[in-house]
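The values are calculated or read from the model by the stated rules, or taken from the named source; none is laboratory data. What you are looking at is a predicted structure, and each value in this text was computed from that prediction instead of being measured. Glycine also receives a Cβ, built like all others from the backbone with ideal geometry; neighbour counts cover every protein chain displayed.
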Amino acid sequence: MSETFYITTPIYYVNSHPHIGHAYTTIVTDVFVRYRKLFGEETYFLTGTDEHGQKIAESAQAANLKPQEFVDRMTAEFRDMWPHLHIQQDQFIRTTDAFHKSAVQAVLQKIYDQGEIYLKDYEGLYCVGCERFLDQEELTEEGNCPDHQKPPQVRQEKNYFFRMSAYQEWLIGLLEENKDLVQPARYRNELLSFLKAPLQDLCISRPKSRLEWGIDLPFDNDFVTYVWFDALLNYVTALGWPEDSRYEQFWKHCHHVIGKDILKTHGIYWPCMLKAAGFPVFKKLAVHGHWVVQGSKMSKSLGNVVNPLEMKDLIGVDGLRYFLLREMSYGEDANFTEDLVFARYHGELSNNFGNLLNRSISMSRKNFENEVPPRGEPGKQEIELYQMFEQETSQIKAWVQQFEPHRALERIAMMSSAVNKYLDENKPWKLAKEEDQNERLGTVLYTALDASAWLVCLLEPVMPEKMKAARIQLGLGESPMTLEMLKPGLVQTGTQLPLPEPLFPRIQLKQKEPEKPGPTPKAQPQTEEKQEAELENLVGIESFQKLDFRTGRILESKKVKGSDKLLVFQVDLGESKPRSIVSGVAEFYRPEDLPGMNVVVVSNLKPVKLRGELSEGMILATDDGNSLKIVEAPGDSKPGTVVR
Ligand code: MSP
């Protein structure tokens with residue numbers, strides 16, 4: 001019987017627009033689901049929107065809309081965004097759904113009938129941003145809410161309370177016995193240290209005289225339910241509790257993904273509510289940190305809120321998904337900057353994995369009539385590479401199951417580097433020149449293609465659309481793979497390899513504005529003498545036409561021995577073998593950053609030897625007197641395209 005995996009995101013408040021933080025939570029959850037499918041598990045993925053409460057009511061009023069009209073409009077923003085980010089939830093719940101409201105009322109009635117809910121007069125400090133009463137100890141020195149930096153309001157009113165204090169000892173025991181219930185461990189410790197102080201009963205109602213926008217208490221319709229009591233229950237009501245079979249099938253396998261801001265509600269209120277209502281406790285609370293922008297918390301007032309759709313326009317949806325998953329160590333905060341985004345994109349996607357795929361396919365096409373080459377006899381290197389792939393794959397499964405996706409992606413990047421190294425060491429472009437090495441050439445290229453296919457399967461949960469394109473490039477079928485299928489022999493000898501398009505074309509970065517622009521030099525009136533001298537420097541079009549400019553793709557790059565200035569490249573010009581080209585850019589580039597870059601090459605220069613290295617052309621670069629910058633050809637240009 002296959003394992004079952006039920007996973008949820010928090011349901012998002014609809015009083016603000018979806019931003020990169022919401023996108024991260026939902027993408028990471030989607031990635032967990034897709035990996036579990038790859039592991040052969042049966043999955044159910046729930047997300048949705050949290051639509052009641054004072055905050056929403058106030059936002060609706062400010063927008064001059066009835067609350068229902070307002071939430072209908074805003075929920076669409078979330079629901080419509082997810083497909084653009086390749087998120088495929090099984091269910092999208094809204095807390096204004098009728099089935100949810102009646103199930104919440106049934107749970108409230110159940111707990112009330114057990115005598116666990118009572119009415120009392122209460123005075124407390126209420127933060128509207130958090131939608132909850134705060135304890136005095138939670139406030140900052142200035143008396144503000146630590147999350148919203150505003151003083152809470154003093155509120156005195158009759159309200160219903162849930163006897164949460166009665167569950168304190170039980171909850172401590174639960175957290176102590178289940179070391180993996182809350183992850184990473186420091187969030188479990190945070191909960192345990194919070195539980196050192198006496199747990200207060202939880203106020204679970206709001207008088208209608210103050211707030212009407214909520215679910216009526218079934219036992220007193222002068223009150224609506226507290227928004228968190230309503231919202232947390234979505235995880236159960238979505239499964240159609242009490243009568244739907246999905247509840248029986250999935251609830252006991254429930255994993256919650258949340259941000260650290262809502263640890264207390266999920267780690268304290270929620271298990272107590274579940275216990276009181278007679279539901280088993282969730283299996284896992286997987287808590288992640290926050291995205292900060294250039295080191296600062298995202299906020300509307302700072303104007304630094306990152307819109308996920310704008311980011312996806314820069315590096316593609318799958319590039320964005322990869323960055324978010326790879327850059328954030330799950331559980332810790334991470335910084336979102338364009339520089340970091342481009343460094344990961346170029347370093348790991350264009351140069352490492354993209355380049356591996358591209359050069360494996362291009363060389364196979366060139367040397368084996370556009371087909372996957374024969375596999376040949378695997379040698380020691382091939383056997384070791386596959387062994388490493390097998391070990392890493394089971395380790396990757398473990399990282400994903402432990403909710404540490406960044407570690408899984410780190411291993412995948414390492415595996416891709418290892419295959420690139422294997423190619424660099426075996427130099428198929430040299431083997432191609434030696435007739436008696438054709439079988440070895442086939443084995444090397446087959447292994448590189450096969451390893452690429454393996455990586456495609458491992459990366460598919462993170463980058464579903466790009467990896468679909470990669471499957472087509474490798475002639476793999478479209479049927480979904482499971483982890484067990486990952487064995488040597490994924491690609492089939494003789495399969496046609498279509499002309500590969502770079503999956504992750506390099507992106508021309510916007511030049512940063514100079515810090516202080518210097519004064520623009522005044523145009524000097526030209527003397528006749530000067531004009532003539534300049535005319536003498538001009539060349540006719542026929543001189544220009546003698547030069548043959550072509551686009552090339554750097555396959556390899558290394559320092560020239562004994563020189564600080566020179567790098568030597570292997571450049572694909574769409575010919576039968578790559579050219580060796582020496583370039584004086586060593587002071588301005590690290591050799592490992594250049595493979596995968598598309599460049600402009602003067603291809604009909606007489607070959608020369610520079611410091612013992614053959615140079616069969618020249619790579620164009622700009623020279624401002626201080627530094628050289630390689631002129632990049634468009635990311636999607638095929639090697640050998642004419643430049644004129
Ligand atoms: N409605 C409640 C949750 C109820 S769940 C029963 C809520 N909604 S929210 O719209 O404020 O979304 C909170 C979630 O969005 C966080 O827990 C986190 O998952 C995500 N993020 C919001 N800002 C974030 C960052 N800056 N970085 C990462 N994720 C963050 O709270």
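Values as computed for the structure displayed
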| quantity | calculated |
| --- | --- |
| Candidates GLY596, GLY552, GLY574, GLY612 - the one that is on the phi > 0 side of the Ramachandran plot, of a type in the set (Gly, Ala, Ser), in contact (Cβ under 8 Å) with a residue 12 or more places away in the chain and buried (at least 22 other Cβ atoms within 10 Å of the Cβ) | GLY596 |
| Pairs where the first residue, in region 329-342, is more than 18 Å from LEU263 (Cα to Cα) and assigned to a loop (DSSP other than H, G, I, E, B) and the second is of a type in the set (A, V, I, L, M, F, W, C) and at pLDDT below 95, C-beta under 9 Å, 6+ apart | THR337/VAL293 |
| Failed item in (1) closer than 26 Å to GLU243 by Cβ; (2) within 14 Å of the ligand (Cβ to nearest atom); (3) part of a loop (DSSP other than H, G, I, E, B), with ASN15 passing the rest | (1) |
| Where SER299 falls short, out of the listed (1) surrounded by fewer than 20 Cβ atoms within 10 Å (Cβ to Cβ); (2) in contact (Cβ under 8 Å) with a residue 40 or more places away in the chain; (3) within 10 Å of the ligand (Cβ to nearest atom) | (2) |
| Residue check for LEU445: modelled with pLDDT of 95 or more and within 28 Å of ALA633 (Cα to Cα) | yes |
| Region 274-296, residues that are in contact with a strand residue (DSSP E or B) (Cβ under 8 Å, 6 or more places away or on another chain) and within 11 Å of the ligand (Cβ to nearest atom) | ALA286, VAL287, HIS288, GLY289, HIS290, TRP291, VAL292, VAL293 |
| Hits in region 489-508 - residues which are farther than 30 Å from LEU340 by Cβ and surrounded by 19 or more Cβ atoms within 10 Å (Cβ to Cβ) | VAL491, LEU497 |
| Answer residue from region 54-80, given it is hydrophobic (A, V, I, L, M, F, W, C) and assigned to a loop (DSSP other than H, G, I, E, B) and is farthest from GLY129 (Cα to Cα) among those | LEU65 |
| Condition met for GLY53 (crowded, with 21+ Cβ neighbours inside 10 Å, more than 24 Å from TYR330 (Cα to Cα) and within 15 Å of the ligand (Cβ to nearest atom)) | yes |
| Number of the exception - SER245 against (1) within 14 Å of the ligand (Cβ to nearest atom); (2) without any contact (Cβ under 8 Å) to a residue 24 or more places away in the chain | (1) |
| Residue satisfying condition, being surrounded by fewer than 20 Cβ atoms within 10 Å (Cβ to Cβ), more than 25 Å from ASN352 (Cα to Cα) and at pLDDT below 85, within set LYS629, LYS546 | LYS546 |
